[in-house]
Amino acid sequence: MPPKQMPASLHKVIMVGSGGVGKSALTLQFMYDEFVEDYEPTKADSYRKKVVLDGLLILREEVQIDILDTAGQEDYAAIRDNYFRSGEGFLCVFSITDTDSFHASQDFREQILRVKGDDTVPFLLVGNKCDLDERRKINREDAEARAAQWKVPYVETSAKTRGNVDKVFFDLMREIRVRKSDGGGAEATEGGKKKRRRIKCSIL
């Protein structure tokens, strides 16, 4: 009999951020390679996809990513705690064209840390809509300073051009894998420090 195949590891990713910043557009671009400009906000949408995850020191590994795309509207704030408890990693998204969404990222971060009780939880700060640089209101330096204060990576993306879309999901999954492999804590934090660098938005 052929050897029994082990099920792929499951990594649970939660998308957070204000309404209209492009969380759903990023998710749908990653899942289906398509840009959806007009998307009806919902309470939450869940997606699952099998991908191959690799790293410098680890063999290629087939994993499943489970993405929960949460609503940014205040109406749903009360139920976010339940979503956050289930998450293993977080993509906190703001729009570089929207100052309020950048300020709101602080509230999302604080809520996640309160629920998880752990400030080393895998977390990326994501500045979306970098294809609209002429409408930029958040300087890259300000966003990088916030990420440095939180000791997390900062990446700018464009759901429209697919710039850095795969990168943020795969980087977060690697952070989750490191945390799972050593039970969380110092090494996961160190990994976040090593990855915190200036990243330009690439247009694919």
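Every number here is computed from the coordinates shown, using simple stated rules; none is lab data. Given the structure is predicted, the values throughout are model-derived calculations rather than measurements. Positions of Cβ are backbone-derived with ideal geometry, glycine not excepted, and every protein chain shown enters the neighbour counts.
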- For K137, which aspartates and glutamates qualify as cross-link partners when the Cα separation must be under 15 Å and same-chain residues fewer than eight apart are set aside? D98, D100, E156
- Message: Using the Karplus curve 6.51 cos²θ - 1.76 cosθ + 1.60 with θ = phi - 60°, what ³J(HN,Hα) values do you get for each residue of the stretch 89-98, in whole Hz, with x for Gly and Pro?
- Response: x, 10, 9, 9, 9, 10, 9, 5, 9, 9
- Task: Please work out the FRET efficiency for the pair L10 and H103, using the Cβ-Cβ distance as r and a Förster radius of 41 Å; give the result to the nearest 0.05.
- Result: 0.80
- Query: What's the FRET efficiency of E62 with M31 using the Cβ-Cβ distance as r and R₀ = 25 Å, to the nearest 0.05?
  - Reply: 0.90
- Note on the structure: Loop-resident trypsin sites (Lys or Arg not before Pro) in the stretch 94-135 with no more than 11 other Cβ atoms inside 10 Å, DSSP not H/G/I/E/B, are none
- Query: Most exposed first by the Cβ proxy, i.e. fewest other Cβ within 10 Å, how do T27, T161, T120 rank?
  - Reply: T161, T120, T27
